[in-house]
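Every read-out reported here was derived from the displayed coordinates using simple, explicitly stated rules and does not represent laboratory data. The model shown is predicted, which means the values in this text are computed figures rather than measured ones. Cβ: placed from backbone, ideal geometry, glycine included. Neighbour counts: every protein chain shown.
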Amino acid sequence: MIDDNPAAGPSTGPSPARVILSAADIDRALTRIAHEILEANKGSSDLVLLGIPRRGYPLAQRIAAKIAATDPGFDAAASLGQLDVTMFRDDLRKNPARAPQPTRIPVQGIDGRTVVLVDDVLYSGRTVRAALDALVDVGRPRVVRLAVLVDRGHRELPIRADHVGKNLPTSSQEKVRVRLAETDPDPRPAEHADCVVIETSVPAVRA
C-alpha cells in the first residue's frame, strides 16, 4: 500500500531514506504476528488470511507459512487469498489510473470464518475501510481482524490494527516505504532485501 494521504506542499528535492526495519527485523515481526493471530484465534481453525495488494499479499503468504510451521493442521494454500480494494476506494475519481488486481478467495469461502486482513502500512485507514466494503461483496465472516507490518499513525477514520509489526511515529511530511523481494526486486544489500524506509522531503534549493 502506498501512503493513503500524501502531504501536499512546496516542490521538494531528493528524499534521504532511513532504514527502519531490515529483512531480519521484518521476519521477526511477522513471526510475532503469526503467533499473535494463533493466540487470538485460539488455534488455526476457520482462519483465513487475505492480503491487500500489492505488498499485503506477500506479507500474508509469509504469515500463513509461519502459522503452518507452528500448527501443522493449518493448510496455508487453502486459507490464503487476496482482496482487491481498488473499486471501493474513496479517492478513485482522483486516481482513475489505479489498476485493479485480482481478488482470490479460498474455495471454502469466508462465511462464518475468522478473516485477517493483511497490509503493509496503516496510515489514514482509508484503504482498510475500502477493504471492509470489498469484503461485504464476498461473504460474511464471523470476525474480521487487521494485521499490518507498520502502523505510522495519522488516522482519519476510527480504524485500529489488531496485530502490528512496528508502531512508527512519523510526521505527515515523511513517507514510509515497504520494500519486499517479491514486489520490489531492485538490487539491494542482502540484509535489506526486505526493508522499511522513511523518506523525508527536503525543500528544493532555489537558485
**OP:** Report the trypsin sites (Lys or Arg not before Pro) located in region 77-149 that are in a DSSP loop and have at most 10 other Cβ atoms inside 10 Å of their Cβ, or state none.
**Re:** Arg93, Lys94
**OP:** Taking the Cα centre of the chain as origin, sum charge times position over the Cβ atoms of Lys and Arg (+1) and Asp and Glu (-1), and report the length of that vector in debye to the nearest 20.
**Re:** 380 debye
Subject >> Alpha-carbon centroid distance for the pair region 132-207 / region 37-68, whole angstrom >> reply: 17 Å
**OP:** Report the residue, chosen from Gly73, Gly153, Gly43, that carries the largest GNM mean-square fluctuation when the chain is represented by alpha-carbon nodes joined by springs under 10 Å.
**Re:** Gly73
Original post:
For the pair Thr70 and Ala190, what calculated FRET efficiency results from E = 1/(1 + (r/R0)^6), where r is the Cβ-Cβ distance and R0 = 25 Å, to the nearest 0.05?
Top reply: 0.45
Original post:
Among Val118, Val85, Val144, whose mean-square fluctuation peaks in a Gaussian network model of the chain (Cα, cutoff 10 Å)?
Top reply: Val144
**OP:** First measure r as the distance between the Cβ atoms of Asp27 and Ile105, then evaluate 1/(1 + (r/R0)^6) with R0 = 30 Å and state the FRET efficiency to the nearest 0.05.
**Re:** 0.65
